[in-house]
Amino acid sequence: MAEKRKERGIVICNNEISNGIFDMWVSTTEIACMAVPGQFVMLYCEDGSRLLPRPISICEINPDGCAIRLVYRIAGKGTEEFSRLSEGMPLTLLGPLGNGFPKKEGASFIIGGGIGIPPMLELAKQLSGEKQVILGFRDVQFLTEEFLPYGTVYIATEDGSAGTKGNVLDVIQENGLTAERIYACGPMPMLRAVKEYAAGHNIECYVSLEERMACGIGACLGCVCKSKEVDGHTNVKNKRICKEGPVFLAGEVEF
């Protein structure tokens, strides 16, 4: 895991791309040079009444342009504050944080659901080999076209408005898809189903877990998940999502 940095970045652009979902590029020299797919940053509010930073997954990395892309959903007062940032405004961020996805050879499923879709874009760009991108939406889609250059894209929508009606596993079944490895990020019910599918088909599976975080650096133990093995830090069967994760081999954690 790369060493983290706290930087004062500058907003390059910040636009609403779907209902309540914003797309922001931030100039950040050191973080952009160190980040890998699957990591995240902590963003600090300027409003002094909100002391805790907010975790946001990294969507894209442009080390040459010294910038990172963050696609996030308004979920409270902190992210609502970020949505009002405009070009040229300062933003304090800490990162890159956590462990990212391992980049392995072979045919892969890249599975994203909802706001778990953005961190899969940089992974799709950097992975080699055959890539089948499966994106699950409740209804309104976003970022789908940006995955097209990096793999074969399949869509699942709950209401059947696009692609397969159902979930990401329905896409796999409907199209008879196969892969050697799965990378996934999204809501917990989706990840549980993907983990079960991977175990049943003997497929290596990596999942990125999302959880509320206070510190983002593993000190507060506010974002632990159950693990099969005893953790060396806590001496119990827990792992810190912000520190040992957010990416885990699916068989190592219980959720």
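The values are calculated or read from the model by the stated rules, or taken from the named source; none is laboratory data. As the structure is a prediction and not an experimental result, all values here were calculated from the model. Reconstructed Cβ throughout: ideal geometry from the backbone, glycine too, with neighbour counts over all protein chains shown. To get the accessible areas, we keep the full protein, side chains included, count just its heavy atoms, and leave off ligands, DNA and RNA. Shrake-Rupley method; radii C 1.70, N 1.55, O 1.52, S 1.80 Å.
Distance from a point 7 Å along Cα→Cβ of Leu52 to each backbone N in the range 78-95: keep the residues under 17 Å and list them by number. From the range 78-95, the list is 78-82, 94. Reported to the nearest whole Å, the Cα centre-to-centre distance from the range 31-83 to the range 135-190 is 25. Peptides 48-54, 93-99 ranked from most to least packed by the mean count of surrounding Cβ atoms within 10 Å: 93-99, 48-54. Using a probe of 1.4 angstrom and keeping all protein chains present, the accessible surface of the chain works out to 45 square angstrom per residue. With R₀ set to 35 Å, the beta-carbon distance separating Arg192 from Thr29 gives a calculated FRET efficiency near 0.35. If R0 equals 25 Å, the separation of the Cβ atoms of His201 and Leu249 corresponds to a calculated FRET efficiency of about 0.95.
Once C-alpha pairs closer than 8 Å and six or more residues apart are averaged by separation and normalised to the residue number of the chain, the relative contact order reads 17 percent. Taken along its principal axes, the alpha carbon cloud of the range 26-75 reaches lengths of 35, 19, 13 Å, longest axis first. Convex hull volume of the Cα atoms of the chain, normalised per residue: 119 Å³. Whenever you get a sec, compute what percent of the accessible area on the chain sits on carbon and sulfur atoms (1.4 Å probe). Here carbon and sulfur together make up 48 percent of the probe-accessible area.
For the residue pairs Lys4/Lys131; Lys6/Lys131; Lys165/Lys195; Lys4/Lys239; Lys103/Lys195; Lys6/Lys125, the C-alpha atoms sit more than 23 angstrom apart in Lys4/Lys131; Lys6/Lys131; Lys6/Lys125. Across all directions, the average flat footprint of the convex hull enclosing the Cα atoms of the range 1-54 is 4.9 nm². Residues whose amide H falls under 5 Å from that of Asn99, counting only those 5 or more places apart or on a different chain, are Gly245, Val247, with hydrogens built in the peptide plane.
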